[in-house]
Amino acid sequence: MRMHQVRYFRAMCEELNFTRAAARCNVSQPSLTRAISNLEREFGGPLFHRERSNTHLTELARVVKPYLDRIYEESTQALERAREFWSMQRVALRLGLMCTIAPNHFVEFISQMRAMHPQIHLDIVDSSAGSLDDRLLMGDLEVAVYCRPEKSRDERLHYLPLFREQIMIALRPDHKLARQKAIKVTDLNGEPYLERINCEFGVLGDEVFNRLGVDGKTVYRSDRDDWVLAMAAAGLGYAFMPNHLTTHPSVVAIPLVEPEFWREVSLVSVRGRPHSPAVGALIQVAMKTRWLGSPAHALEMLDSDQAPQGSVSGP
């Protein structure tokens with residue numbers, strides 16, 4: 001069955017005249033008659049009783065007509081949605097977002113997207129960095145915003161840097177280390193540790209701490225950063241946390257040094273994969289947005305892949 005056969009059939013059902021139906025479909029009468037005959041062979045019987053002045057539907061035609069009407073209507077709707085998609089008249093875009101990125105990081109970006117492209121509906125999918133890797137590669141997401149240390153990057157993915165921020169040590173204000181202007185990694189030896197399960201550095205951070213002989217008992221683990229901060233505020237230990245996530249009123253954030261740790265949050269997509277116009281629009285807005293008060297890191301004059309001396313950086 002071809003869509004033009006369905007269109008000719010519907011025209012015949014309304015006109016009940018081969019000549020008028022052919023004119024309506026802008027084809028010759030023999031072409032329309034041949035298409036209807038092919039459809040009848042496919043259905044196994046006549047669709048129209050051909051009487052000289054009284055052409056009308058057969059019972060078979062009455063049975064199949066609702067289904068053919070539905071096929072035609074849904075195909076028309078599919079074409080319309082496709083036109084809207086490519087012209088960005090009405091588009092839903094699934095944007096992956098790493099669960100350790102605070103909402104206030106995105107206020108300006110979302111506002112700019114809404115102002116410049118109100119027809120693009122952002123469906124934000126919150127997940128871990130590892131899960132976002134998988135969902136991008138499987139095609140479940142076209143684009144995502146997250147951080148991956150350089151050693152953990154997948155070569156199939158492209159990273160467009162948006163912003164960098166230093167990793168801090170989150171503590172109660174009365175903790176003995178809270179009086180320092182900076183905390184060395186070696187200062188943390190023996191201190192109870194509050195683990196963020198979705199920590200940006202994971203194994204890489206463990207490697208640095210192990211190399212420096214720094215150890216300490218993990219007293220709490222959670223995939224909720226707000227809970228980890230609450231435990232730090234309660235004095236149960238220290239947390240390893242990006243600067244702009246350390247927002248609890250009863251917690252202070254002290255820079256971690258020797259080495260420093262920096263996370264670089266990027267707009268990530270799959271290399272070489274064609275993307276929709278909506279993704280192109282999102283990238284343009286991301287490059288115009290000020291992230292943490294600064295231009296997108298990819299636009300800065302300095303080499304975005306060069307970390308400060310003596311630091312451990314994200315991608």
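From the list E155, E191, exactly one residue is outside any helix (DSSP H, G or I), of a type in the set (D, E) and either at pLDDT 95 or above or under 22 Å from V228 (Cα atoms) (or both). Which is it? Please lay out each step first, then the result.
Numbers: E155 fails: either at pLDDT 95 or above or under 22 Å from V228 (Cα atoms) (or both).
Exactly one residue qualifies, and that residue is E191.
How do the helices (runs of 4 or more DSSP H) wholly within segment 1-58 filter down when requiring 2 or more residues that are within 17 Å of I71 (Cα to Cα) and open to solvent by less than 80 Å² (accessible area, probe 1.4 Å): which remain? Reasoning before the result, please.
Working: elements: 3-15, 18-25, 29-43.
In segment 1-58, the matching helices (runs of 4 or more DSSP H) lie at 3-15, 29-43.
Do any residues in segment 100-113 that are in a helix (DSSP H, G or I) have Cβ atoms under 6 Å from those of residues that are at pLDDT 85 or above, where the two are at least six apart or on different chains, and which pairs are they?
As it stands, the answer is E108/T289; F109/T289; Q112/V285; Q112/T289; M113/V285, since those pairs meet every condition given.
Could you say whether any residue in segment 72-86 is out of contact with any Gly (no Cβ under 6 Å at 6 or more places or on another chain) and crowded, with 17+ Cβ neighbours inside 10 Å?
Looking for residues that are out of contact with any Gly (no Cβ under 6 Å at 6 or more places or on another chain) and crowded, with 17+ Cβ neighbours inside 10 Å, one finds none in segment 72-86, hence no.
Quick one: which of Y220, Y193, Y159 is buried (at least 17 other Cβ atoms within 10 Å of the Cβ) and over 26 Å from P249 (Cβ atoms)?
Details: Y220 fails: over 26 Å from P249 (Cβ atoms); Y193 fails: over 26 Å from P249 (Cβ atoms).
Exactly one residue qualifies, and that residue is Y159.
Filter segment 114-134 down to the residues that are among the hydrophobic types (A, V, I, L, M, F, W, C), part of a helix (DSSP H, G or I) and within 16 Å of the chain's Cα centre (by Cα) and list them by number. It would help to see each step written out before you state the result.
Start the filter on segment 114-134 by keeping residues that are among the hydrophobic types (A, V, I, L, M, F, W, C), which leaves 115-116, 120, 122, 124-125, 129, 132.
So of that shortlist, the ones also part of a helix (DSSP H, G or I) come out as 115-116, 129, 132.
Of everything in segment 114-134, those that are among the hydrophobic types (A, V, I, L, M, F, W, C), part of a helix (DSSP H, G or I) and within 16 Å of the chain's Cα centre (by Cα) turn out to be A129, L132.
Restricting to strands (runs of 3 or more DSSP E) lying wholly in segment 245-315: which have 2 or more residues that are under 30 Å from A232 (Cα atoms), within 22 Å of the chain's Cα centre (by Cα) and at pLDDT 90 or above?
Values: elements: 252-257, 260-270, 311-313.
Correct list: 260-270.
Considering only residues that are under 15 Å from V265 (Cβ atoms) and outside any helix (DSSP H, G or I), look in segment 135-152 and name the one that is modelled with the lowest pLDDT.
Here the answer is P149.
The values are calculated or read from the model by the stated rules, or taken from the named source; none is laboratory data. Everything numeric here is computed off the predicted structure, so don't read it as measured data. For neighbour counting, all protein chains shown are included, and Cβ atoms are generated from backbone atoms with ideal geometry for every residue, glycine included. Accessible surface areas use protein heavy atoms only, side chains included; no ligands, DNA or RNA. Shrake-Rupley method; radii C 1.70, N 1.55, O 1.52, S 1.80 Å.
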